[in-house]
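Note sheet for the following structure.
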Amino acid sequence: MAKSVEIKDGICYMCTMTCPMKIHVSDGKVVKVETADPKVSHCPRWKAQMDFIYHPVRLLYPLKRTGKRGSGNWQRIPWDEALDTVADGLQSVKDKYGPESVVFWIAYTKEPRPYFHRLTHAFGSPNYCTESSNCFSGTWIAANLTYGAEYSYMAGTGSGIDPETRCKLIWGAAVISSPPAWQVNLEAKEKGVKLVVVDPRRTTIAAKADIHLQLRPGTDGALALGMMNVIIGENLHDKDFTEKWTVGFNDLKKLVKEYTPERVEKITRVPAAKIREAALLYARNKPAKLHMSSNSTTHHANGVQNHRAVILLAALTGNIGVPGGNTLGPISNAKTNDITLHERVAKMPPGVGSKRFPIWTKRYREMQSNAIADQIESGQPYPIKALFSPGLDIQFFANSRRIVKDLNKLDFIAVTEYFHTPGTQVSDIVLPIASWLERHILLTEYFGNVKLIQPAVSPPGECRTEWDIYSGLAKRLGFGDLFWNGSFEKCVDHILEPMKITFKDLESKPEGIKLALQPRPEKHYEKTGFKTASGKVEIASSVLAEHGLDPLPSYKEPPESPLSQPELAKKYPLVMTSGARVMAYTHSQFRNIPRLRKMMPDPLVDINPYDANQRAIKTGDTVTVSSTRGSIKMKANITDTILPGVVSLPHHWPNEANVNELVDDTTLDPISGFIPCKSQLCQVVKHRN
Ligand code: SF4
């Protein structure tokens, strides 16, 4: 008799878009996954979810390292022993050095982060760190400083096309390999929308654009100032908006005078005539929508200021808060309890990176991961001696070989993981975790709903949920009460209490409970102002001024570039950008899934035919890419979609092809602490054994 199949609501968590899925379950196993959203049907990753959860080498049992770190020798141990060992490892460092000497660092998946954040603070450490230290939060800080708290997620306001939109300025977003919803931009031209694309690569969307501004990586700020020079010079700025709703416009006017298109051409390599044409197209076709990438403008030593210059184009042209422009979404009644125990941090010693990057650490309320290596090495202002890390991603760190050396100095490291990775290789204990199809997932704002995704199946082997692991540790560390003595239901009740919704309510309504959404009035700021200190858009940022930084969105040449370091550029003449998104992978994940690996079997460096010819490199050749930090191996992909003198490398490839081994970890953005992984000098040569 055929076995019965139950179809359950679920989500895909192969990236953070959490797209809705239908999960077919029979006999306690997932037998089929279907997308519940036709917009994502082309995404290859959701189709690989079963390959992921039933992967033959998925970690199923807690492991204890038996050989030296990096030896790859492991012994299976029971959960009680594993959790006791982790609790003892963390507690002994706490007893000897203080709780702040333990760093809590989390990467994917993102949804258990509030519980992990609480664990960090309950333990007594200020050092809650995440991969946000290099992710979209650079744009968050730039928007927060410029437009105020409500606009912190401004990067999300530009992705679609409204019926009113007459022009789209897409800045550094590839669209095809980005979130599925962004693909609507491919139809821009058919919809009569003018399209300007800024990107060092001629991407699919750039090839369709009316104007493609192909800039040298890292010069976005100069290009934005050059466009402002044209807009203000032609009197096309929105006088009413800039007068009533901005601070610092006159200073900006003076600043942009220096950025004539001719001068900007010398900096960016974009022809002056094209800069003029693009600025006029954007300013004359209102309403216009500025579409930003989550990090292409901010992965530079001057990243936050670059991004501020870019987003100010929207204010300058009065495209804020108007239909068709950059508009905030509806106001929702979603309210939750913050479970982070953040109020305790004020009484703790300063967290990692908080002295050097006070703006980011205070406003984003995390410590800066890119400062961990310095503190391990210096022991100042106190030593770092242990790490507990869900999803420790070595490839995340610039100058990655340095962080491996430093992590190996720690007394104790424990990680949670699905598979062995370079991160497990430096660990003492590895805890296997349940996937998104095997655990509850609370989504407090999901397509207008509060939703509790039920586990479709039980975790395989002895995998446990992150919640079970953190609450199990909390109990052993003596603060189980702060984790509701292990009751996930009580934790969810606490989170949802301000909305008067309970775990049981959500359990009985798998479709979720609708949030009340109120449309935001056009030009909402006329009633509410902007949530900055001045109540206006701060072209001149009061926060930056308070911290002794340039309040204006000034441009600074990347510290490593042919212009700033001509001598170094003789040895390393190519400008390297990295991290363009690809469909097959999410950062460091999924290269072990054959159906995805087939799509991109090798790490490819995109190199212009001119540069390849000069080096006698042919497509498919193995090449060595080097910088002053080290060298890695990739395969050459010769393409005229990239400018001569520029190469593009994929990010987070493990081991021999880890691009961040080439990236400087000292010239960090002074506001965000981000690494300059999209503007570095390098050399590419044919690999010789
Ligand atoms: S975009 Fe693709 S990988 Fe990401 S959640 Fe949606 S279906 Fe999954």
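The values are calculated or read from the model by the stated rules, or taken from the named source; none is laboratory data. Please read these numbers as outputs of a predicted model, since none were measured by experiment. Heads up, the Cβs are rebuilt from the backbone with ideal geometry, glycines too, and the neighbour counts pull from every protein chain shown. In case anyone asks, the SASA skips ligands and DNA or RNA and just uses the protein heavy atoms, side chains included. Shrake-Rupley method; radii C 1.70, N 1.55, O 1.52, S 1.80 Å.
Here are the numbers for the structure shown:
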| item | result |
| --- | --- |
| Of all residues in region 341-357 being over 25 Å from residue 146 (Cα atoms) and assigned to a helix (DSSP H, G or I), the one that is most open to solvent (accessible area, probe 1.4 Å) | 347 |
| Filter result for the condition that a residue is among the hydrophobic types (A, V, I, L, M, F, W, C), within 11 Å of the ligand (Cβ to nearest atom) and not in a strand (DSSP E or B), over 2, 48 | 48 |
| Meets criteria (in the same structural domain as residue 506 (by TED's automatic domain parsing), open to solvent by less than 50 Å² (accessible area, probe 1.4 Å) and on the phi > 0 side of the Ramachandran plot) for residue 67 | no |
| Which numbered condition residue 77 fails, given (1) within 13 Å of the ligand (Cβ to nearest atom); (2) in the same structural domain as residue 425 (by TED's automatic domain parsing) | (1) |
| Search result, residues across region 149-172 that are surrounded by fewer than 23 Cβ atoms within 10 Å (Cβ to Cβ) and in a loop (DSSP other than H, G, I, E, B) | 152, 153, 159, 160, 161, 162, 163, 164, 166 |
| Residue ID - nearest to the ligand (Cβ to nearest atom), chosen from residues in region 6-41 that are open to solvent by 80 Å² or more (accessible area, probe 1.4 Å) and modelled with pLDDT of 95 or more | 32 |
| Residue match in region 313-327 (condition: in contact with a Leu (Cβ under 7 Å, 6 or more places away or on another chain) and in a helix (DSSP H, G or I)) | yes |
| Boolean, residue 218 is in a helix (DSSP H, G or I), touching a Pro at 6+ places or on another chain (Cβ under 7 Å) and either in contact (Cβ under 8 Å) with a residue 40 or more places away in the chain or not aliphatic (A, V, I, L, M) (or both) | no |
| Helices (runs of 4 or more DSSP H) contained entirely in region 358-458, each with at least 1 residues that are open to solvent by 20 Å² or more (accessible area, probe 1.4 Å) and among the basic types (Lys, Arg) | 358-364, 400-407 |
| Qualifying residues in region 622-662 (those that are over 27 Å from residue 207 (Cα atoms) and among the acidic types (Asp, Glu)) - the one least open to solvent (accessible area, probe 1.4 Å) | 661 |
| Subset of region 15-45 [of a type in the set (Val, Ile, Thr) and outside any strand (DSSP E or B)] | 16, 18, 40 |
